[in-house]
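In what follows, a structure is listed as structure tokens, so that the remarks can point back to it.
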Amino acid sequence: MISALTLAERQLAIAVSLLLALCGLAMAIAGRDDLLGVHGAIVLLFGIGGIFLVLSKYFEPEPSDERLTRYYDDPTKVGIVLSLAWAVVGMFFGVWVAALLAWPDLTFDAGWASFGRIRPVHTSGVIFGFGGNALIATSFHVLQRTSRARLPDQFSPWFVLIGYNLFCVIAASGYLMGLTQSKEYAEPEWYADLWLVVVWVTYFLIYIRTLQRRKEPHIYVANWYYMAFILVVAVLHIVNNLALPISLGSAKSYTVYSGVQDAMVQWWYGHNAVAFFLTAGFLGMMYYYLPKRAGRPIFSYRLSIISFWGITFMYMWAGSHHLHYTALPQWVQTLGMTFSVVLLVPSWASAGNALATLNGAWHKVRDDATLRFMMVAAVFYGLSTFEGSFMAIRAVNSLSHYTDWTVGHVHAGALGWVAMITFGSIYALVPWMWKVKQIYSPKLVEVHFWLALSGTIIYVFAMWNSGIIQGLMWRTYNDSGTLAYSFIDSLVAMHPYYIARTVGGLLFLIGAIVASYNVWMTIRMARSQAPEHAAEADIPAGTALQPGE
Amino acid sequence: MGLDHQTLVAFAKSWGLFYLIALAIGVLIYAFWPSNRKRFDRAKKSILDKDDRPGD
């Protein structure tokens, strides 16, 4: 890892780690009477850790120029491992938080284990930890292969990957201490947000710099999706997190928006986080790994372009459907509703394009659990985008909003689509990255597939049932015109579904653990094998010189 | 400045509509432009090249 860096890159890594450590020290001193100090200490440790990591290999010989004839996959490998580690952590917290709703005593009287604190650990852990690391890892792989060019340098990918994980650690540890901006999916406080901007801009620059060096005339559509993901998430993140800290020595900040504007900005962010973090990036994954694994080109390339722009134009306007029946002007609600309904067209175009690609390869889907993961992901993508458009209609929303139906919808997308396409892509990618013929155990992939599918179905059906019951109980009036059920009545009615949901989530978690074991054993298997086909490996076009050389 | 809520709403409702339709037409023209066909065909097949080795 370090020995692959040039001397200049090692020096740069030490300088940046030192700078990070100094920032951490400053935060720790300025925030010594505040929770900010704890985060300062974490940043300081990260910086010192980085310095020691580089110094330990600093005097190893520099890599030869031969490396420039290969793709640079080390960050992708580490990203896959980090992604699976976060999957297990994030899903463990998910099962815990689900169990908490069925058995509230599971907080064990600890403040940090209360629902409001461990729930964001779950959401950030799975979305940013698991999903984000998988996106970074796969994007570096897809970017290099589709442009047939090596990453522009060897330091910035590490900066992005490790810097991003520092953000995730700061986020999760902050929640447990009670630090939050109270904005859903944007909970981390101002200093973490600023750090993420630096990391994210570097990420985007890697993309641009690699594309500049591409040997392929046309930029493959998967890269469009990845770039939309990076660019739009940057815009969303900056606008939604504009806030003023009460002092530089305090973790607490206040948003610059107020009232309904704050709500609108938050849900413009929130829905586009679903659109560009949880959809566009993973569509990029799908448009590369699904045709690759099936051995067939995408059904219609033109359709993929049209659906790309459809999704990009329309998702931007859909956020206000989160604020039906609020102080938001009626026309803005209608706007969001309309765009949400029209969004079904590009969404189904993508799902249909994926399934039509598999037409003629169904025997492979039957035999290969990896491809089946991707197929099921496309089906769930189609299902949950249909459900989303439907739920965005104001009249439907009056029943579904604030109920578990929303939770079920999100998990149909998150488990059925995002996690399934990610696991499918990881299973396809791991043998390529570690240069082995196949994964350690295809049987365990099969086991994982059925655990994941049954877990998702149990989860989603439990939440559909409880959500609709909840929604109906909240709007049932008796003869005298008052509510027929108290809130606690609806809560009691939910109990069996909450248990079922916990079971579904537990199956999904076990699946993720099986996947981690399988990938880990594949890595061990690859290490024990001699590096036989090093010359046969996939390499970039021409001998690409590094900038500055 | 007379930039009140009503002005913004009028702007959003008119120009917002026009530019989205214009963009949609632009995308359709790009996707279906006959000379782009070869490029797209190459793009969708090239990712399947053997181990994406260069020079193929």
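The values are calculated or read from the model by the stated rules, or taken from the named source; none is laboratory data. Bear in mind that the values here come from a model prediction, so they are computed numbers and not experimental data. Cβ coordinates were reconstructed from backbone atoms using ideal geometry, including for glycine residues, and neighbour counts include every protein chain displayed.
Annotations for the structure displayed:
- Residue list for the range A:71-112, restricted to those being out of contact with any Phe, Trp or Tyr (no Cβ under 6 Å at 6 or more places or on another chain) and of a type in the set (Ser, Thr, Tyr): A:TYR71, A:TYR72, A:THR107
- Subset of the range B:21-47 [closer than 10 Å to A:TYR301 by Cα and either touching a residue at least 60 places away in the same chain (Cβ under 8 Å) or more than 8 Å from chain A (Cβ to nearest Cβ) (or both)]: B:ARG37
- Residue within the range A:332-348 that is under 22 Å from the mean Cα position of the chain (by Cα), within 14 Å of chain B (Cβ to nearest Cβ), within 15 Å of A:GLY382 (Cα to Cα) and surrounded by 18 or more Cβ atoms within 10 Å (Cβ to Cβ) present: yes
- Count of residues meeting criterion [in contact with a helix residue (DSSP H, G or I) (Cβ under 7 Å, 6 or more places away or on another chain) and acidic (Asp, Glu)] in the range A:334-387: 1
Condition check ((1) farther than 24 Å from A:MET1 by Cα; (2) buried (at least 22 other Cβ atoms within 10 Å of the Cβ); (3) modelled with pLDDT of 95 or more; (4) over 18 Å from the mean Cα position of the chain (by Cα)) across all residues:
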site	(1), (2), (3), (4)
A:PHE155	no, no, yes, yes
A:TYR164	no, yes, yes, no
A:VAL197	yes, no, yes, no
A:ILE206	no, yes, yes, yes
A:ALA228	yes, yes, yes, no
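- A:SER156 touching a Phe, Trp or Tyr at 6+ places or on another chain (Cβ under 7 Å), touching a residue at least 24 places away in the same chain (Cβ under 8 Å) and of a type in the set (Ser, Thr, Tyr): no
- Test set (1) in contact (Cβ under 8 Å) with a residue 60 or more places away in the chain; (2) crowded, with 18+ Cβ neighbours inside 10 Å; (3) small (Gly, Ala, Ser) - A:ALA30 fails condition number: (2)
- Selected residue (only one of A:ALA392, A:ALA377 is surrounded by 20 or more Cβ atoms within 10 Å (Cβ to Cβ), closer than 18 Å to A:SER347 by Cβ, at pLDDT 95 or above and over 21 Å from the mean Cα position of the chain (by Cα)): A:ALA392
- Unmet requirement for A:ASP109, which otherwise passes all of (1) farther than 27 Å from A:THR202 by Cα; (2) part of a loop (DSSP other than H, G, I, E, B); (3) touching a residue at least 40 places away in the same chain (Cβ under 8 Å): (3)
- Which numbered condition A:ALA251 misses (of (1) touching a residue at least 60 places away in the same chain (Cβ under 8 Å); (2) surrounded by fewer than 22 Cβ atoms within 10 Å (Cβ to Cβ); (3) away from every other protein chain (no Cβ under 14 Å); (4) not in a helix (DSSP H, G or I)): (2)
- Looking across the range A:507-543, the residues that are surrounded by 17 or more Cβ atoms within 10 Å (Cβ to Cβ) and either at pLDDT below 85 or within 14 Å of chain B (Cβ to nearest Cβ) (or both) come down to A:ASP538, A:ILE539, A:PRO540, A:ALA541.
Yes or no, residue by residue, for (1) farther than 30 Å from A:SER173 by Cα; (2) away from chain B (no Cβ under 14 Å); (3) in contact with a Pro (Cβ under 8 Å, 6 or more places away or on another chain):
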residue	(1), (2), (3)
A:LEU194	no, yes, no
A:VAL201	no, yes, no
A:ILE208	yes, yes, no
A:GLU216	yes, no, no
A:TYR220	yes, no, no
A:TRP224	yes, no, no
A:ILE230	no, yes, no
A:LEU244	no, yes, no
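- Scanning the range A:168-181 finds no residues that are at pLDDT 95 or above, in contact with a Cys (Cβ under 9 Å, 6 or more places away or on another chain), part of a helix (DSSP H, G or I) and under 18 Å from A:GLY31 (Cβ atoms).
- Search result, residues across the range A:478-509 that are of a type outside the set (Gly, Ala, Ser) and over 33 Å from the mean Cα position of the chain (by Cα): A:ASN478, A:ASP479, A:THR482, A:LEU483, A:TYR485, A:PHE487, A:ILE488, A:ASP489, A:VAL492
- Among residues of the range B:1-36 being of a type in the set (S, T, N, Q) and surrounded by 11 or more Cβ atoms within 10 Å (Cβ to Cβ), the one that is nearest to A:SER304 (Cα to Cα) is B:ASN36.
- When every residue of the range A:267-290 is checked against the conditions, none turns out to be out of contact with any His (no Cβ under 8 Å at 6 or more places or on another chain), at pLDDT 95 or above, surrounded by fewer than 17 Cβ atoms within 10 Å (Cβ to Cβ) and closer than 30 Å to A:SER398 by Cβ.
- Test: A:GLY174 is farther than 27 Å from A:ARG302 by Cα, buried (at least 22 other Cβ atoms within 10 Å of the Cβ) and either within 14 Å of chain B (Cβ to nearest Cβ) or touching a Pro at 6+ places or on another chain (Cβ under 7 Å) (or both): yes
- Candidates A:ARG302, A:ARG293 - the one that is more than 23 Å from A:PRO431 (Cα to Cα) and not hydrophobic (A, V, I, L, M, F, W, C): A:ARG302
- For the range A:299-317, the criterion of being assigned by TED's automatic domain parsing to the domain that holds A:PHE508, within 22 Å of the chain's Cα centre (by Cα) and closer than 27 Å to A:GLY455 by Cβ is met by no residue.
- Taking residues in the range A:425-454 that are outside the structural domain of A:ASP367 (by TED's automatic domain parsing), and partners anywhere that are in a loop (DSSP other than H, G, I, E, B), not one pair has Cβ atoms closer than 9 Å while being at least 6 places apart or on different chains.
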